[in-house]
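The values are calculated or read from the model by the stated rules, or taken from the named source; none is laboratory data. What you are looking at is a predicted structure, and each value in this text was computed from that prediction instead of being measured. Neighbour counts are summed over all protein chains in view; Cβ atoms, including those assigned to glycine, are modelled from backbone coordinates with ideal geometry. The accessibility values were calculated without ligands, DNA or RNA, using every heavy atom of the protein model including side chains. Shrake-Rupley method; radii C 1.70, N 1.55, O 1.52, S 1.80 Å.
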Amino acid sequence: SKGEQTEFAPAVAYGAGVFLVAWEHFDDPNYSRGVAIDFAVVSTNGSVVLRGTLGSPDGSRDSVSPKVAFDGTNFLIVSELHLLTGWNIHASRVTPSGQVLDPQGIAVTNSSATALINPSVVYARGSYVVGWQDIDLGLVAVRRLGVDGQLLEGDPVVVSEGRLGQ
């Protein structure tokens with residue numbers, strides 16, 4: 001990274017002979033862009049091959065907490081998207097050469113008036129499994145995403161819930 005603005009919360013995955021590193025990029029001091037997810041393709045010798053920034057359905061809202069997984073062909077970056085209607089989980093597929101396949105992201109969740117946070121992602125047995133915490137309802141949920149970017153369940157699957165939150 002260039003180090004011109006505050007950057008933090010890195011996540012990394014390896015695949016196809018490269019590392020994909022994603023992180024939060026805080027656009028200070030004027031905060032005109034907010035917080036976005038930047039990424040870099042890094043070779044095994046440590047040189048940065050390409051840098052990029054993920055798009056968003058609302059570029060004026062923050063995108064934070066990136067996580068990365070590799071499916072054998074492409075990478076998936078998941079993050080929290082802080083919209084006015086609620087905080088949701090979004091994802092974007094990125095090729096090992098750095099091409100963003102989902103420029104506006106994939107809405108893994110699309111709830112209104114709730115705070116979905118702390119995403120995680122793993123690839124196993126033909127699909128990505130994306131998990132998160134719903135702090136309003138006090139539960140942990142998951143949803144599978146195919147390598148083609150299609151959601152595999154109609155609704156998220158609740159894996160744990162409790163009255164004091166999870």
State yes or no: is ASN110 open to solvent by 60 Å² or more (accessible area, probe 1.4 Å), assigned to a strand (DSSP E or B) and farther than 20 Å from PHE19 by Cβ?
no
Subset tally (residues that are assigned to a strand (DSSP E or B) and within 19 Å of the chain's Cα centre (by Cα)) for segment 125-166:
17
Boolean, VAL12 is β-branched (Val, Ile, Thr), surrounded by 14 or more Cβ atoms within 10 Å (Cβ to Cβ), touching a residue at least 40 places away in the same chain (Cβ under 8 Å) and within 21 Å of PRO156 (Cβ to Cβ):
no
Kindly indicate the residue of segment 87-103 that is more than 12 Å from the chain's Cα centre (by Cα) and at pLDDT below 95 and also surrounded by the fewest Cβ atoms within 10 Å (Cβ to Cβ) among those meeting that condition.
PRO103
Of all residues being closer than 25 Å to GLU80 by Cα and either in contact with a helix residue (DSSP H, G or I) (Cβ under 6 Å, 6 or more places away or on another chain) or outside any strand (DSSP E or B) (or both) in segment 39-57, which is most open to solvent (accessible area, probe 1.4 Å)? Just the residue, please.
PRO57
Let me confirm something: among PHE8, PHE19, which residue is of a type outside the set (Gly, Ala, Ser), modelled with pLDDT of 95 or more and not in a loop (DSSP other than H, G, I, E, B)?
PHE19
Output the number of residues of segment 66-86 satisfying the condition of being buried (at least 19 other Cβ atoms within 10 Å of the Cβ) and either under 8 Å from the mean Cα position of the chain (by Cα) or modelled with pLDDT of 95 or more (or both).
12
